[in-house]
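The structure appears below as structure tokens.
Every number here is computed from the coordinates shown, using simple stated rules; none is lab data. Computed from a predicted model, the values in this text were never measured in an experiment. Neighbour counts are summed over all protein chains in view; Cβ atoms, including those assigned to glycine, are modelled from backbone coordinates with ideal geometry.
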Amino acid sequence: MSEQNIFLLDGEEIAFAPGQTIMQAAQSAHKYIPHLCWHPEFKPHGSCKLCTVKINGRFGSSCTVEAAAGQNVENRTAELDDKRRTLLQLLFVEGNHFCPSCEKSGDCLLQATAYEMGMMTPHFDHFYPDRPVDASHPDVMLDFNRCILCSLCVQASELADKKNVFVMGGRGMRGRKIILNSESGKLGDTDFSVDDRAASICPVGVILKKRVGFVVPYGERTYDKAPVSAVEAAK
Amino acid sequence: MSKLRVATTSLAGCFGCHMSLLDIDERLLDLLELVEFDRSPITDIKHCGPCDLGIIEGGVCNAENVHVLREFRKNCKILVATGACAVNGGLPAQRNHLELHDILTAVYQTEGGLAHGAQIPNDPELPLPLNQVHPIHEVVKVDYFLPGCPPSGDAIWKFLTDLIAGRTPSLGHGLLHYD
Amino acid sequence: MKTAPSPALNDPGIVPAILARHGHDATRLMQILRETQESLGWLAPETLTAIASGVGWPRAKVEGTAAFYSFFHLRPRGKYCVLWSDNITDRMLGNRELMQALCEKLWLEPGRLSEDGLVSVNTTSCTGMCDQGPAVLVNYRAVTRMDMARVEQMAELIRNQVPLDEWPAEWFQVTDNIRRKDALLDHGLVPGEALAAAMALGPQGLIDEVKAAGLRGRGGAGFSTGMKWALCRDAAGEAHYVVCNADEGEPGTFKDRVLLTSYADLVFEGMTLAGYAIGAKRGLMYLRGEYRYMLDALESVLARRRAERLLGARILDKDFDFDIEIHFGAGAYVCGEESALIESLEGKPGRPRIRPPFPVTHGYLDQPTAVNNVETLAAACLVARHGGTWYAGLGTGKSAGTKLLSVSGDVERPGIYEYPFGVTVAQVLQDAGVTNCIQAVQISGPSGVCIGQDELERRIAFEDLPTAGAFMVFDCTRDMFEVARNFAHFFAHESCGFCTPCRVGTQIVAQLMDKLETNHGSPYDIDEMFKMHRLMQGASHCGLGNSACNPLFDTLNKFRPAYERRLKSLDYEPAFDLDAALSQARQMTGRDDAGAHLDNME
């Protein structure tokens, strides 16, 4: 690595390998940039916009912008965290996120990121959409009330499982949704398996394995023990 | 410094948040050094007078909830949405994607086990349900939010002591919870 | 329609024939879906399954594309599908009242299929007929100049199930309304003239002339055309492509409609020039679905050009092969964004790509691709024929050449006006004829700029007011709040839904505008709109989200009283009517006592 391959993240020098995105370089350096749709195993999707940073004074998605020598990247500033809080609020009112009755509570990246940003309220008026629950599969259920459209299940099924069980389709807030690869539109009619990578990729509580709920009680889960910033930085 | 006057109520809630307030245990005695209660299940005062602080548990599911919430808003300088139901509608709001018409019909007329000829109650004493359940900030201006189902006693204590001391309340990791 | 017949099974030969015609090529999915729907009426689940297995894609991917576009129907559509263009100019011409009247005559609600499955009536985004509205699409055929007499007659024709081909022919007439011609519309070139001149220059010589001309993209962004061609030519790839962006979706724009109707030769010749310059063999025209009616005429121009050796193998007997095919969109404004357009050309939902890389290096099928606006390509012919120096002499220093303006709204003579760059807004208004006092002009559509009456001396040019061509005029009787509200709903409808800020933000903004419209608003709501503007402008994935709050921002700054007079109170107000929220319970219990009501204000 050459001496020049360094940029500044909140004033700290971060070394990067050529071709790495700002997010990847930060992750390698154990620095936390908030994110929902980004996952180290998959291509950057760039849709949640939680990883928006300021690069030399201009907004950009750190998961898609390549690191470059001498960049001055602002990350955890009040301005950016304020925007992130608003983005989280938009996601919370868009779906039906009732944490007290969700199996993923405490292990949920959306919830943990909202804690990290100090989100005390969803703020906006709720849309309370009517979204289906699909329990047709013997081993896995889907609760689309909690879907944040991150597309990680789409990528996992396509790239890791070579199956295309999940595809993102439709348009706009009322149309965009996960489409299942069967004429009935039911998970039970696809070739999905509980052993698929896609079965354990969901950052929120949409894709849930049956018969294993609440094995770990609330209060003892991943983000109960440490905030997401610490969990991510330790990776 | 004179004591802050505090009112509390539960709208479409389960009183779990009030139970959690009691969970601050012996710190209740410290709290009573700092505040005095106006309308609250603790005092059994029926109507709210001018207060510094109003604590609302529960969302807005019927006409009476609206009246009570407005009474609080009118009388309280600071209004706090306390608990998941006040903050986002919570469990009761999970009826929101259903038509109220269908819910009332199912519950009072078509579900199994009802007496023959059962009708939807129409006694004027009963408050009418709203078409949807709303978090309280969709009905009145709300100043602060304390999420949790319920927020823990420690979270309530931190939040209230911050407010009483004139600090903008903040809950760190472990106290801020939505579940 | 609970037991809708399975259309694919009615005639099992239709889908295989369409698939065969398109070589079972998944990148042609948009065309396969459109043609299938034109034959079968709608895209039933088993139809999508058949298409998926025919093109070798996962079924969900085919459904994902079909579900993205407004013009594809995944539920039975009805024999007649009437869509009212809902741009603000259509509204100003009374489209809402006419649609309501049509619905009443047909006994149906907007957006609902009639009980007998015969007809549905709804709205659609601007169909590009602002100079001859109110406009509708009937089964995706354009009808102009609707009025009450036509509504009455249309209801009759539908009730009697008269086939569309037997409807009055004049309803389908689209006129050019060219009001002012300049260098482009008075070009005087014969087909092949520009191409012959270009071939004399050679590819590099042509690019040099286009650079010297200072020709800039006419889609609004104004990137140097010569630079784009040079970058594309220099990019390594197995093949290079020319794409003509004819997805003219910006409300209030209709210049491409006119160019493709009466100047198609010039546009195709411009595409051929681009192909010659960058070293492409294939050109793709992406035409908005609203202009489906042009297909036969355009195909016959292409056929004639092939016969004249202006397309095909060894063009003008030189070592240059190039041909053009026409692809249709299906009702998605976002496909006007060049990378979304390319996605659509590849059979996918029109989702803007992450950029960089840009299309000039990684475009159609990941190959170097020059995406140019219709008008840019037409103008390139002038450059090829008359040279860069001549062209650079037209217009202003940084804006060479002329610009077509699509003038609509409160003017006496709506239509197409061509001016050298640098013309003042006031001059355009004078030429178009204004009788009433001018309140505002929306330049370049909802994503552009709204200027007030004290800014009419501003100039149409990249230096001052860059524009894709829309020029919507509002006189002093118009409510600028309603203008902005119309635009807010447009963006909420057209947001692709990919990124959080635009997907949810456009909905929040539309909801806030409706809250004000129903007189439930307060200053808090205006603050919220500014907050959404700040968020969406920086954090959105593409230009749609970044500019979606422009009309709001402009009108809030320049016409704030139009908002303020709608406020219910200076205190916080709920978005919904509390008393109305008890309506279902009142109905169910039969109560109407005082306790069964809520004051909305206390």
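Based only on Cα atoms, what mean projected area does the convex hull of the protein assembly as shown have, in nm²? It would help to have the intermediate numbers written out before the result.
On the way: hull surface 180.4 nm².
With the hull built on Cα positions only, its mean projection is 45.1 nm².
Which angle between 0 and 90 degrees, to the nearest 10, do you get for helix C:500-517 versus the longest principal axis of chain C when only C-alpha atoms count?
Once rounded, the angle reads 50 degrees.
DSSP loop (so not H, G, I, E, B), at most 13 other Cβ within 10 Å: list which GluC sites (Glu not before Pro) in region A:152-235 pass both filters.
Listed in order of number, the matching sites are A:E220.
Note down the Stokes-Einstein diffusion coefficient of region C:481-564 in µm²/s, whole number, using a Kirkwood radius over alpha carbon pairs, 20 °C, and 1.002 mPa s.
The calculation lands on 173 µm²/s.
Please say if region C:50-207 is rounded, prolate or oblate, where rounded means a/c under 1.5 for a ≥ b ≥ c the square roots of the C-alpha gyration tensor eigenvalues, and otherwise the choice is prolate for a/b larger than b/c and oblate otherwise?
Verdict is oblate for region C:50-207.
C:E463's amide H: which non-local residues (gap 5+, or another chain) put their own amide H closer than 5 Å, with H modeled 1.01 Å from N in plane and none for Pro or chain starts?
Counting only residues 5 or more places away or on other chains, the set is empty.
For helix C:523-539, what angle does its Cα long axis make with the longest principal axis of chain C, in degrees from 0 to 90 and rounded to 10?
Roughly 30 degrees between the two axes.
Rounded to the nearest 5, what % of the DSSP beta bridges within chain C are antiparallel ones?
45
Looking at chain B, what % of its DSSP beta bridges pair antiparallel, to the nearest 5? Show your work: numbers first, answer last.
Details: 4 of 21 bridges.
The answer is about 20 percent antiparallel.
What is the mean number of Cβ atoms from other protein chains located within 10 Å of the Cβ atom of each residue in peptide C:529-539, rounded to a whole number?
Across the residues of C:529-539, the mean count of other-chain Cβ atoms within 10 Å is 4.
Just to confirm the number: angle between the C-alpha axis of helix C:225-234 and the first principal axis of chain C, 0 to 90 degrees, nearest 10?
The angle comes out at about 70 degrees.
Using only the alpha carbons of region A:99-232, what is the convex hull's orientation-averaged projected area in square nanometres?
Working: hull surface 35.8 nm².
Its average projected convex-hull area is 8.9 nm².
What does the average come to when, for each residue of peptide B:144-152, you count the partner chain Cβ atoms lying within 10 Å of its Cβ?
Whole-number average of other-chain Cβ neighbours for B:144-152 is 3.
For region C:7-68, what does the alpha-carbon gyration tensor say about shape, rounded, prolate or oblate, given a ≥ b ≥ c as the root eigenvalues, a/c under 1.5 as rounded, and a/b over b/c as prolate?
Numbers: a/c = 1.44, a/b = 1.17, b/c = 1.24.
Here region C:7-68 falls in the rounded category.
Within 10 Å, count the other beta carbons around each residue, average over each peptide in C:578-586, B:41-49, C:264-272, and list them highest first.
C:264-272, C:578-586, B:41-49
Starting from the Cα coordinates of region C:180-392, work out the convex hull volume and express it per residue in Å³.
Taking only Cα atoms, region C:180-392 has a hull volume of 111 Å³ per residue.
For C:S540, what residues show an amide H to amide H distance below 5 Å, using hydrogens built from the backbone and excluding near sequence neighbours?
Amide H to amide H, under 5 Å and 5 or more residues apart or across chains, C:S540 pairs with nothing.
For region C:11-146, what proportion of DSSP beta bridges, expressed in % and rounded to the nearest 5, is antiparallel?
50
How large is the helix-only mean residue ellipticity at 222 nm for chain C, computed as the sum of -39500 (n - 2.57) over DSSP H runs with n ≥ 4, divided by its residue count, in deg cm²/dmol to the nearest 500?
Result for chain C, helices only: -12500 deg cm²/dmol.
For a quick protection proxy, order the peptides A:110-117, C:463-470, C:510-517, B:52-59 by their average other-Cβ count within 10 Å, most packed first.
Packing proxy ranking, top to bottom: B:52-59, A:110-117, C:463-470, C:510-517.
Which of C:M294, A:M168 has the fewest other C-beta atoms within 10 Å, and how do the rest follow up to the most?
Details: C:M294 21, A:M168 25.
The order, fewest Cβ neighbours first, is C:M294, A:M168.
Once a ≥ b ≥ c are taken as the square roots of the eigenvalues of the Cα gyration tensor of region C:232-319, is the result rounded (a/c under 1.5), prolate (a/b larger than b/c) or oblate (a/b not larger than b/c)?
Verdict is oblate for region C:232-319.
Roughly how many Å is it from the Cα centre of region A:156-213 to that of region C:84-126, as a whole number?
With region A:156-213 and region C:84-126 each reduced to a Cα centre, they are spaced 37 Å.
Under a point spin-label approximation (7 Å from Cα along Cα-to-Cβ), what is the C:Q173-C:S569 distance to one decimal in nm?
Rounded to a tenth, the inter-label distance reads 5.7 nm.
How crowded by other chains is C:372-379, given as the mean number of beta carbons from other chains within 10 Å of each beta carbon?
Mean shielding by partner chains, rounded to a whole number: 0.
I'd like the Karplus ³J(HN,Hα) series for region A:46-61: coefficients 6.51, -1.76, 1.60, θ = phi - 60°, whole numbers in Hz, and an x wherever there's a Gly or Pro.
x, 9, 6, 6, 5, 8, 4, 10, 10, 10, 6, x, 10, 5, x, 8
Binning at 5 angstrom from zero up to the longest distance, how are the C-alpha pair distances of chain A distributed in percent?
All Cα pairs, binned at 5 Å, distribute as 1, 6, 13, 17, 18, 16, 13, 8, 4, 2, 0, 0 percent.
Between region C:408-439 and region C:328-404, how far is it from one alpha carbon centroid to the other, in angstrom?
27
With respect to the cross-link table entries A:K163/C:K348; A:K43/C:K228; C:K181/C:K255, which display a Cα-Cα separation exceeding 20 Å? Can you show the working numbers first?
On the way: A:K163/C:K348 18 Å; A:K43/C:K228 28 Å; C:K181/C:K255 12 Å.
Listed pairs above 20 Å: A:K43/C:K228.
Taking amide H positions as placed 1.01 Å from N in the peptide plane, with prolines and chain starts having none, which residues 5 or more places from B:Q132, or on another chain, fall under 5 Å of its amide H?
Excluding prolines and chain starts, which carry no amide H, there are no hits.
Please report B:I24, C:I158 as a ranked list, fewest other C-beta atoms within 10 angstrom at the top and most at the bottom.
Details: B:I24 20, C:I158 23.
In increasing order of surrounding Cβ atoms, one gets B:I24, C:I158.
Fewest first, what order do C:T555, C:T36 take by the number of other Cβ atoms within 10 Å?
C:T555, C:T36
Write down Rg/Rh for region A:13-65, rounded to two decimals, with Rg from the C-alpha atoms and Rh from the Kirkwood relation over Cα pairs. The partial results should precede the final answer.
Numbers: Rg = 10.3 Å, Rh = 11.2 Å.
Reported Rg/Rh (Cα atoms, Kirkwood Rh): 0.92.
Go ahead and set up a Gaussian network model of chain A, Cα springs under 10 Å, then flag whichever of A:H45, A:H35, A:H126 fluctuates most.
A:H126
Report the Cα-based extents of chain C along its three principal axes, largest first, to the nearest Å.
Largest to smallest, the principal-axis extents are 88, 63, 46 Å.
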